[in-house]
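J.: The structure follows.
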Amino acid sequence: MHFDFDATEALSIEMIPKGSGSENNSFLKMAIPADGVDAIKTFVIDCVLNAGGKTCPPTIVGVGIGGTSDLCVHLAKRAATRPLGSVCADPEGAKLEAALASAVNALGVGPQGLGGDSTAFAVHIEIAATHITMNPVAVNMQCHSARRARATLSAQGLEYGF
C-alpha cells in the first residue's frame with residue numbers, strides 16, 4: 001500500500017490496551033427514566049463497589065449514558081479511555097463527572113482495593129441522545145496503568161507519542 005501526504009495531512013493511530021481485570025468489570029443497566037440522575041449515580045457507585053480491587057484501582061471510571069444499549073457500552077469504553085484532565089462536552093455531564101468522582105473516592109475502596117480515598121483518578125462520561133422511554137447506563141473501567149501509544153505518519157515522517 002502506498003500513501004502520499006501533502007504538508008497538511010497526517011495519519012494518526014492510537015493504541016489503548018485494556019487489561020481483562022478492567023474489562024471483566026463492565027456493566028449495563030436499562031434504568032427507569034423516571035428515576036432520573038439519582039439512578040445513574042446509584043448504578044455507577046454500585047458498579048465501583050462491586051468491582052472493588054479487581055479493576056486494579058485507582059481507575060478511570062467510564063460512564064456511557066443514552067443511545068441504545070450497544071452504543072451506551074461503546075460510550076462507556078470511550079469515556080474510560082479518554083485522556084485524564086478532559087471533561088464531558090455536555091455541561092450537565094461535566095457536573096455529574098465531578099459529583100461522581102467525589103462520591104467514588106469517598107467509598108473507601110482505595111488503591112488495589114486495600115482501602116483509602118484514591119479509588120479513581122477520574123470519572124468520565126459520554127452522552128448520546130436516546131428515546132424518552134429508556135435510559136441506558138453503562139460502566140467500563142480502565143485500570144491504573146492506563147497505557148496508550150500513538151504513531152503519526154505525515155509528509156515530515158513518523159512521530160511517536162506515549
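J.: Based on DSSP, what percent of beta bridges with both residues in the stretch 18-146 are antiparallel, to the nearest 5?
T.: Working: 11 of 18 bridges.
The antiparallel fraction comes to roughly 60 percent.
J.: Along the Cα→Cβ direction, 7 angstrom out, place labels at A99 and M15. What is the inter-label distance in nm?
T.: Distance between label points: 4.0 nm.
J.: Compute, for the stretch 18-146, the length of the dipole vector about the Cα centre, with Cβ point charges of +1 (Lys, Arg) and -1 (Asp, Glu) only. Units Debye, rounded to 20. Don't skip to the answer; put the middle values down first.
T.: Numbers: 8 positive and 10 negative charges, 58 e Å.
Around 280 debye, computed over the stretch 18-146.
J.: If you don't mind, another one. If you keep only loop residues by DSSP, which GluC sites (Glu not before Pro) in the stretch 1-106 have at most 14 other Cβ atoms within 10 Å of their Cβ? Let's see the in-between values first.
T.: Numbers: sites: E9, E14, E23, E92, E97; in loops: E9.
Qualifying residues, ordered by number: E9.
J.: Give the Debye-formula value of log10 I(q)/I(0) at each listed q (0.08, 0.14 Å⁻¹), with one equal scatterer per alpha carbon of the chain, two decimals each.
T.: The Cα Debye sum returns log10 ratios of -0.27, -0.71.
J.: Using only the Cα atoms of the stretch 8-70, build the gyration tensor, take square roots of its eigenvalues as a ≥ b ≥ c, and label the shape rounded, prolate or oblate: rounded if a/c is under 1.5, else prolate if a/b is larger than b/c, else oblate.
T.: On the way: a/c = 2.78, a/b = 1.40, b/c = 1.99.
Note, shape of the stretch 8-70 comes out oblate.
J.: Now, a different point. Using a 10 angstrom Cβ neighbour count of at most 16 plus a DSSP loop assignment to flag exposed trypsin sites (Lys or Arg not before Pro), which longest range of the chain is free of such sites? Kindly include the intermediate steps, with their values, before the conclusion.
T.: Numbers: sites that count: R147, R148.
That gives 1-146 as the longest site-free run.
J.: Something else: Relative contact order for the stretch 52-148: what percent, with Cα pairs under 8 Å and sequence separation of 6 or more? Spell out each step's value before the answer.
T.: On the way: 223 pairs, mean separation 47.8, N = 97.
Across the stretch 52-148, relative contact order equals 49 percent.
J.: Report the calculated FRET efficiency for L49 and D4 (r = Cβ-Cβ distance, R0 = 41 Å), to the nearest 0.05. Display every interim value, and only then the final one.
T.: Working: r = 53 Å, r/R0 = 1.29.
Between L49 and D4 the formula returns 0.20.
J.: Using a 4.7 Å cut-off between beta carbons, which cysteines in the chain end up with no partner cysteine at all?
T.: That list is C47, C72, C88.
J.: Another question, if that's okay. Most exposed first by the Cβ proxy, i.e. fewest other Cβ within 10 Å, how do S69, S20, S26 rank?
T.: Values: S69 15, S20 9, S26 19.
So the residues, fewest neighbours to most, are S20, S69, S26.
J.: In percent, what relative contact order does the chain have, based on Cα pairs under 8 Å that are 6 or more apart in sequence? Please list the in-between numbers first.
T.: Numbers: 352 pairs, mean separation 63.9, N = 162.
Dividing the mean separation by the residue count of the chain yields 39 percent.
No lab work stands behind these numbers, since they all come straight from the coordinates. Please read all numbers here as calculations on a predicted model, not as lab measurements. Every residue, glycine as well, gets a Cβ built from its backbone with ideal geometry; the counts of neighbours run over all protein chains shown.
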